[in-house]
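Peer 1: Before anything else, here's the structure in question.
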């Protein structure tokens, strides 16, 4: 038996006793491989792969299919066929997912495989820009961040752009969650965010292909913390409005003190808001009061400052229906001192169903008295209105002075008073033991809605 060695493949021939054997050169079949250039970049994105296939006799092998292999996720490479000189040519196109690509040649018909050749990736440094549509905003407002990736002035499509934020050290709100964007076919990317804190936005770009990106930082973005206004208010039948409010900022540290907060009024609750008064600090919040004589809608409003954004409370409705009293009549206007007279009048209220005033029955009316030349009013008597809104009371004339009647209102009606003070003149001196003044000393005022 005779063994013939070739480059790449060893051939063994079995010789019969009566068979003539032709003469072969003793050698090994081989396949070579080379890359030119040995590195690629954005301006030279492909490499030419060349090589030669020779047989065991050292002669070139023509027409042999040559398969070129490279990792599938790192690029593509064509296959080739040897020419008359045994040479082949192929093209390698790396996709940039790795920093180098290893290529090998295979000749299946001869069972040959070359040593690998490595092609390096030289990435081109891109230019990335990042812009914002504003530099100052309030928490909860949208901020549009836009950018583009280019290489020597040409858009670089594909790849990722990660937008994040470095918050100010004073920020106590939850951190901004970075967003990963896909760079478009035009090399651009854009997103809308709602930051809770002031700070500096940045983008980390990772372009696709034979490029490298980097971090670009935007200028400082100021974000005013959002506040919430709790608000409550009451209004009594005499028009005394008392309001409480509380300014709280979850992102800005909780309770907010010593800010300018105002009380506003609107007749319809939607338009025409008018500032009525500024709140004063009170306990852990703010409080104010004032007297009005009309129904409507109320709210508190924080005007905003460099740290906290403006905010408005929920609207509260304070509503009372009008009431009125007729002039007070007296059965006599001149009477002996400590004798009795009868005073009377009517009470009415506004009814929506009637579109006007009607009798206000079953209500308590207070009769009051003031001595001539004095300012103090005294309680004299309580009376009830009948179903027609009428009332009358038998009262003692303690001296020269004035009688009036007042109504304290209900949960949804205003207080009212007689539009006049009925003067009564008294004469004569009371006999010993007779009363010379009203027994109760409760100080009251005639309410007429001033």
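The values are calculated or read from the model by the stated rules, or taken from the named source; none is laboratory data. What you see is a predicted model, and the numbers here were worked out from it, not measured in a lab. So basically every Cβ, Gly included, is an ideal-geometry build from the backbone, and we count neighbours across all protein chains shown.
Peer 1: Only residues that are touching a strand residue (DSSP E or B) at 6+ places or on another chain (Cβ under 6 Å) and either loosely packed, with under 15 Cβ neighbours inside 10 Å or in contact (Cβ under 8 Å) with a residue 40 or more places away in the chain (or both): list them for the range 267-279, please.
Peer 2: Selection gives 267, 269, 272, 274, 275, 277, 278.
Peer 1: Shifting gears a bit: Considering only the range 268-276, I want to know if a residue exists there that is modelled with pLDDT under 95 and not in a strand (DSSP E or B).
Peer 2: No, there is no match, as no residue in the range 268-276 is modelled with pLDDT under 95 and not in a strand (DSSP E or B).
Peer 1: Hey, another quick one. Looking at the range 372-396 only, could you name the residues that are part of a strand (DSSP E or B) and without any contact (Cβ under 8 Å) to a residue 40 or more places away in the chain?
Peer 2: 381, 382, 383, 384
Peer 1: Looking at (1) under 30 Å from residue 261 (Cα atoms); (2) within 22 Å of the chain's Cα centre (by Cα); (3) surrounded by 15 or more Cβ atoms within 10 Å (Cβ to Cβ), can you tell me which one residue 230 breaks?
Peer 2: Checking residue 230 against (1) under 30 Å from residue 261 (Cα atoms); (2) within 22 Å of the chain's Cα centre (by Cα); (3) surrounded by 15 or more Cβ atoms within 10 Å (Cβ to Cβ), the one that fails is (3).
Peer 1: Can you tell me how many residues within the range 177-209 are out of contact with any strand residue (DSSP E or B) (no Cβ under 6 Å at 6 or more places or on another chain), under 30 Å from residue 47 (Cβ atoms) and in contact (Cβ under 8 Å) with a residue 40 or more places away in the chain?
Peer 2: Step one: filter the range 177-209 for residues out of contact with any strand residue (DSSP E or B) (no Cβ under 6 Å at 6 or more places or on another chain), giving 177, 182, 184-185, 194, 196, 209.
With under 30 Å from residue 47 (Cβ atoms) added as a condition, the list becomes 182, 184-185, 209.
Applying the additional criterion that residues be in contact (Cβ under 8 Å) with a residue 40 or more places away in the chain yields 209.
Result for the range 177-209: 1.
Peer 1: Now for a separate question. For residue 92, are the conditions met, namely being in contact with a strand residue (DSSP E or B) (Cβ under 8 Å, 6 or more places away or on another chain), in the same structural domain as residue 197 (by TED's automatic domain parsing) and outside any loop (DSSP other than H, G, I, E, B)?
Peer 2: no
Peer 1: What's the total number of residues in the range 324-340 that are surrounded by 15 or more Cβ atoms within 10 Å (Cβ to Cβ), over 60 Å from the mean Cα position of the chain (by Cα) and part of a strand (DSSP E or B)?
Peer 2: Summing the residues that are surrounded by 15 or more Cβ atoms within 10 Å (Cβ to Cβ), over 60 Å from the mean Cα position of the chain (by Cα) and part of a strand (DSSP E or B) in the range 324-340 gives 3.
Peer 1: Restricting attention to the range 72-87, report how many residues are crowded, with 16+ Cβ neighbours inside 10 Å, modelled with pLDDT of 95 or more and closer than 15 Å to residue 109 by Cα.
Peer 2: The number of residues fulfilling the criteria is 2.
Peer 1: Among (1) at positive phi; (2) in contact (Cβ under 8 Å) with a residue 12 or more places away in the chain, which single condition is residue 254 missing?
Peer 2: (2)
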